[in-house]
Amino acid sequence: MIAATSNHSFLTNVIALEVDPSGTMPTCGIAVADRAVAASIESGLPTIKQTVEGEAEAVAICIPIYRAGQITSAVIMIGNTSERTVGVMEIWQPIGEHDELNLTQGYFGPLERFQNVSSFVRFEKGSGLPGQVWRNLGFVIHDNLPTHAGFLRAAGASAESLQVAVGIPVFGDDFLATAVLISSDSAPIARGYEVWRCGEDEFLLESSAYQRLEQSLMYEGSATVPMEGTLPGLAFASGAATISEDPEIVFSGRPIGGGKPCKGVAIPFFEQDRITNILTLLL
């Protein structure tokens, strides 16, 4: 499944692929995305790839989704590498003897100062966004980055007009990595970022952030949505990363005003064979 995003977004495409347990390599026909997928399937880790000579310039991050220790699906996000389109992709992994995360791959575009700061930072479990994802084994959203007490690179975010960061855990038999997406004011990655906790018969909103989304479409506080007919419900039912362009599903429970055009992606997180939380992005 491929979803094109709006012209003002850092992202140009978001792709959800199911991974065949037989080992057949999934492809989407976009060269940079296919290289990222192949590298992730081979290594078991999230991967960032940039285009090579002869291809339209772009950057892609592939985030594998594990279920009971096996990669069963993947979400690939393709970014615009124009100097005018600001966005950040990062991969943080536990490296060496120390119990801390290092930046192993990243795309920063024109943000050289933020890249330099990031390359020297280390995060212990529970420290900063990558370390919080590691500790919680769940998705973490930081909004208003320049003033966010938990975002340890706030000064750099302020200098570069970075606004929202999302941390995504990658966990096989053990914790493998935190993938981080950082969105700017000028070219938001998404209009909405929501983390849903799976309850017995509904999803509970744990955290959220919004950029350029109509106020009436924003959830506040401890909102809940049903298990069926909703964006997180699609991922829960399929057990895989899922994309929808159906306003009734993407904006379920909100006054959608006659069916506004929309796209949404839902990314599940499994603890062994059980989905515990789901990240949804409103594109």
Of the conditions (1) touching a Pro at 6+ places or on another chain (Cβ under 9 Å); (2) under 29 Å from Asn80 (Cα atoms); (3) open to solvent by 10 Å² or more (accessible area, probe 1.4 Å); (4) not charged (D, E, K, R), the single one that Thr280 does not satisfy is (3)
If you go through the stretch 180-196 one residue at a time, how many are in contact with a Ser or Thr (Cβ under 6 Å, 6 or more places away or on another chain) and among the hydroxyl-bearing types (Ser, Thr, Tyr)?
1
Taking the criterion of being open to solvent by 30 Å² or more (accessible area, probe 1.4 Å), more than 20 Å from Phe270 (Cα to Cα) and touching a residue at least 40 places away in the same chain (Cβ under 8 Å), would at least one residue in the stretch 55-66 satisfy it?
no
Output yes when any residue across the stretch 107-126 is touching a residue at least 60 places away in the same chain (Cβ under 8 Å) and polar (S, T, N, Q), and no when none is.
no
Name every residue in the stretch 120-152 that is within 16 Å of the chain's Cα centre (by Cα) and in a strand (DSSP E or B), in order of residue number.
Val140, Ile141, His142
Just checking, how many residues over the stretch 114-147 are touching a helix residue (DSSP H, G or I) at 6+ places or on another chain (Cβ under 6 Å) and open to solvent by 30 Å² or more (accessible area, probe 1.4 Å)?
4
So which residues in the stretch 82-113 are of a type in the set (A, V, I, L, M) and open to solvent by less than 60 Å² (accessible area, probe 1.4 Å)?
Val86, Val88, Met89, Ile91, Leu101, Leu103, Leu111
On the given criteria, is Ala155 surrounded by fewer than 17 Cβ atoms within 10 Å (Cβ to Cβ) and either outside any strand (DSSP E or B) or under 13 Å from the mean Cα position of the chain (by Cα) (or both)?
yes
Selection from the stretch 10-49 of residues that are farther than 30 Å from Glu83 by Cβ, in contact with a Ser or Thr (Cβ under 8 Å, 6 or more places away or on another chain), open to solvent by 50 Å² or more (accessible area, probe 1.4 Å) and at pLDDT 90 or above
Glu18
Output for the stretch 88-106, where each listed residue is under 14 Å from the mean Cα position of the chain (by Cα) and under 15 Å from Val32 (Cβ atoms):
Met89
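Confirm whether Ala165 is within 21 Å of Arg84 (Cα to Cα) and outside any loop (DSSP other than H, G, I, E, B). Give the derivation first.
On the way: within 21 Å of Arg84 (Cα to Cα): yes; outside any loop (DSSP other than H, G, I, E, B): yes.
Here the answer is yes, as Ala165 does meet what is asked.
Matching residues to (1) under 20 Å from the mean Cα position of the chain (by Cα); (2) open to solvent by 50 Å² or more (accessible area, probe 1.4 Å); (3) modelled with pLDDT under 95:
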| position | (1), (2), (3) |
| --- | --- |
| Met218 | yes, yes, yes |
| Gly221 | no, yes, yes |
| Val225 | no, no, yes |
| Phe236 | yes, yes, no |
| Thr242 | yes, no, no |
| Glu248 | no, yes, yes |
| Ile256 | no, no, yes |
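The values are calculated or read from the model by the stated rules, or taken from the named source; none is laboratory data. Nothing here was measured: the structure is a model prediction, and the numbers come from that model. In this analysis, Cβ positions are derived from the backbone assuming ideal geometry, glycine residues included, and neighbour counts consider all displayed protein chains. What goes into the accessible areas is simple: the full protein's heavy atoms, side chains included, and nothing from ligands, DNA or RNA. Shrake-Rupley method; radii C 1.70, N 1.55, O 1.52, S 1.80 Å.
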